[in-house]
Amino acid sequence: MQKISNYINGQLVEPIGQSYLDNYNPATGNVYSLIPDSDERDVELAYKAAAAAYPAWSLTSAEVKFKIFMKIAELIEQNLEQLAAAESIDNGKPISLARVMDIPRAASNFQFYAQAITQFSSESHQMEQSFLNYTLRQPIGVVGCISPWNLPLYLFTWKIAPALVAGNCVVAKPSEVTPMTAFLLSSICIEAGLPAGVLNIVHGNGPKTGMSIVSHPHIHAISFTGGTRTGAEIARVAAPMFKKLSLELGGKNPNIIFADCDFDEMIATTVRSSFANQGQICLCGSRIFVERNIYDKFKTAFVDKVAKMKVGNPLDESTKMGAIVSQLHFEKVLSYIELAKEEGGKILCGGEAVQMEGDLKNGWYISPTVIEGLSYDCRTNQEEIFGPVVTIMPFDTEEEVLKMANSVMYGLSSSLWTLDLKRAHRMASLIQAGIVWINCWLVRDLRTPFGGIKNSGVGREGGFEALRFFTEPKNVCLKL
Ligand code: NAD
């Protein structure tokens, strides 16, 4: 069975304790590789390698970093098929999606930040003719990056690329549920000539490996993407140590549909925004609010399309809905469907596990599920499910839908469908979310601020926001 290695000080190494965790293929339910069950000794080794590499890396020119990053991106692109297949097997996502979204975006993250650092500048403030202030933006030192399982390589590289290019050295941990592509990236970094110790990837679970990074006394910043509860635990430990924290957390995003929208485009996009990646994208719209005078028309057209979505083998080219990432998550999603029924919800389609055949018979599959008849403030509509489950609800006025949309503790993203320009801008300013898409979904310009408000997180990623996070501003005041 394949054993994944840690990547420390430029080398692929075994965990010090020689202990491993099982890695499952969600499509079959079988263990197919082993993951290092790293502990604080491995994190310490990674920290020491990073600290030793830091002085030289922080002084490396933008041009040299640019070349290394572009080489990493090129190697990701050259290995697209291998990486897409690995992502699909590890996560259960359709290979067709990994090929067009996850892996190309991982390459873009390196390309984007290779260029962004050449454009990054800082401020100066002159005080009359007497004093000049200027701001230095210096790397922090050794930083920690911790990422989730839903977009494994995509989100892992979204953190490490800005952290590294800003001059930091990194100790990173991908999700133990989907470690494979981060492992494959280790070899790519070696081949691309990334100096030893600049990036260290330590595999393992959250409470042990992740927490060893968070609580390490000399790792001064943590960039984390994952669940809100985990984010709270990380903040509880890191805040008294005065670490810089970027927390990208859960969501319960509204999708608000007015009668005057472009109906066909809205339906096609809403199917995607509900069920892409089995609904396991933090930006999926799981609460769909529809203006009452088109509610029935929407329901018929939407359910008709969703009911035709076939759940299938993630490795089949035609599959649009793959497997749920793990048994634990599969059970969690099913328990929410049960809760929805208890709360009086009517299942319009889906609502159950799909029993596959042959090699896939022990895999974790759930049919895309649409539920109606629930109040906006019930648990099903307030708690993050993070699976192929959406609810639909009618509304009459802007005030009413805003109240319902903003009623949750989350505030990550939102979608609005209307051709009324004034209403679109009015709603966009009043909706409580870090991201508003109008008549579209998941359109990503990497320069824009990315993140949420309320319990969806603290701080922003993307563009210069991430470069500001991964640097410390220092004001220098000079008497002229
Ligand atoms: P998770 O919080 O369980 O795990 C995320 C990462 O944190 C993993 O690497 C895990 O090992 C690690 N971890 C867990 N406990 C830890 C601890 N005590 N200390 C340090 N590290 C720890 O989340 P998940 O289940 O992997 O991902 C799903 C969640 O991520 C959903 O809530 C989803 O909304 C959220 N998410 C948010 C965004 C965003 O940009 N806001 C993007 C993707 C996913």
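The numbers here are math on the coordinates, done by the rules we state, and not lab data. Keep in mind the model is a prediction, meaning the values are calculated, not measured. Methodologically, a virtual Cβ is constructed for each residue, glycine included, from the backbone with ideal geometry; neighbour enumeration extends over all protein chains shown.
Taking the Cβ of residue 396 as the centre, find all other residues whose Cβ is under 11 Å away and add up their charges (Lys, Arg: +1; Asp, Glu: -1).
Charge balance near residue 396 sits at -3.
In a shell of Cβ-Cβ distance under 12 Å around residue 309, excluding residue 309 itself, what net charge do Lys and Arg (+1) and Asp and Glu (-1) give?
Values: positive: 272, 305, 308, 310, 320; negative: 304.
Combined, the nearby Lys, Arg, Asp and Glu give +4.
Using only Cα atoms, what is the ratio of the radius of gyration of segment 97-159 to 2.2 N^0.38 Å?
Its radius of gyration relative to the 2.2 N^0.38 Å reference: 1.70.
I'd like to compare 74-86, 404-416: which one has the highest average count of other Cβ atoms within 10 Å, and what's the full order after that?
Answer by packing, highest mean first, reads 404-416, 74-86.
Under the Karplus relation 6.51 cos²θ - 1.76 cosθ + 1.60, θ = phi - 60°, what is the ordered set of whole-Hz ³J(HN,Hα) values for segment 362-379, x standing for Gly and Pro?
Rounded to whole hertz, the list is 9, x, 10, 10, 9, 6, x, 10, 10, 10, 10, x, 9, 6, 5, 9, 6, 4.
Enumerate the amide H contacts of residue 354 below 5 Å, restricted to partners 5 or more residues apart or on another chain; note that Pro and chain-start residues carry no placed amide H.
365, 366, 367
Note down the magnitude of the dipole of the chain about its Cα centre, charges +1 on Lys and Arg C-beta and -1 on Asp and Glu C-beta and zero elsewhere, to the nearest 20 debye.
So the dipole magnitude of the chain works out to roughly 960 debye.
Report the net charge of residues surrounding residue 376, where surrounding means a beta-carbon distance below 9 angstrom and charges are Lys +1, Arg +1, Asp -1, Glu -1. Walk me through the numbers on the way to the answer.
Numbers: positive: 287, 403; negative: 377.
Net of charged neighbours comes to +1.
Assuming a viscosity of 0.890 mPa s and a temperature of 25 °C, what translational diffusion coefficient in µm² per second does Stokes-Einstein assign to segment 1-64, Rh being the Kirkwood radius over Cα pairs?
Translational D for this selection: 178 µm²/s.
Would you mind computing Rg(Cα) / (2.2 N^0.38 Å) for segment 253-446, counting N as its residues?
With N residues counted in segment 253-446, Rg over 2.2 N^0.38 Å equals 1.00.
Taking a cut-off of 13 Å between Cα atoms, list the aspartates and glutamates near residue 341, but don't count ones fewer than 8 places away on the same chain.
Answer for residue 341, where 13 Å is the Cα cut-off: 352, 372, listed by chain and number.
Sort the following peptides by mean Cβ neighbour count (other Cβ atoms within 10 Å, averaged over residues), highest first: 430-439, 468-477. Mind dumping the intermediate values first?
Values: 430-439: 18.6, 468-477: 16.0.
Per-residue Cβ counts within 10 Å, averaged per peptide and sorted highest first, yield 430-439, 468-477.
Which aspartates and glutamates, if any, have their Cα less than 18 Å from the Cα of residue 479, not counting same-chain residues under 8 positions apart?
The reachable aspartates and glutamates, counting only those whose Cα sits under 18 Å from residue 479, are 123, 128.
Cα-Cα over 26 Å: which of 297/403; 159/310; 173/244; 48/208?
Flagged as over cut-off: 159/310.
Say each of residue 11 and residue 135 gets a label point 7 Å from the Cα, pointing the same way as Cα to Cβ; how far apart are those two points in nm?
4.2 nm
I'd like the antiparallel share, as a percent to the nearest 5, of DSSP beta bridges with both residues in the chain.
In the chain, DSSP labels about 45 percent of beta bridges as antiparallel.
So in segment 278-402, what percent of DSSP beta bridges are antiparallel if you round to the nearest 5?
30 percent
For the chain, divide the Cα radius of gyration by the Kirkwood radius and give the resulting Rg/Rh value with two decimals.
0.99
Tell me, what is the percent relative contact order of the chain, built from C-alpha pairs under 8 Å that lie six or more residues apart?
19 percent.
Step through the residues of segment 204-214 one at a time and calculate ³J(HN,Hα) from phi using the Karplus curve (6.51 cos²θ - 1.76 cosθ + 1.60, θ = phi - 60°), rounding each to whole Hz and writing x for Gly and Pro.
Rounded to whole hertz, the list is x, 7, x, x, 9, 5, x, 5, 5, 6, 4.
Just going by the charge dipole of the chain, with Lys and Arg at +1 and Asp and Glu at -1 on Cβ, which of 453, 268, 88 is farthest out on the positive end?
So the residue we want is 453.
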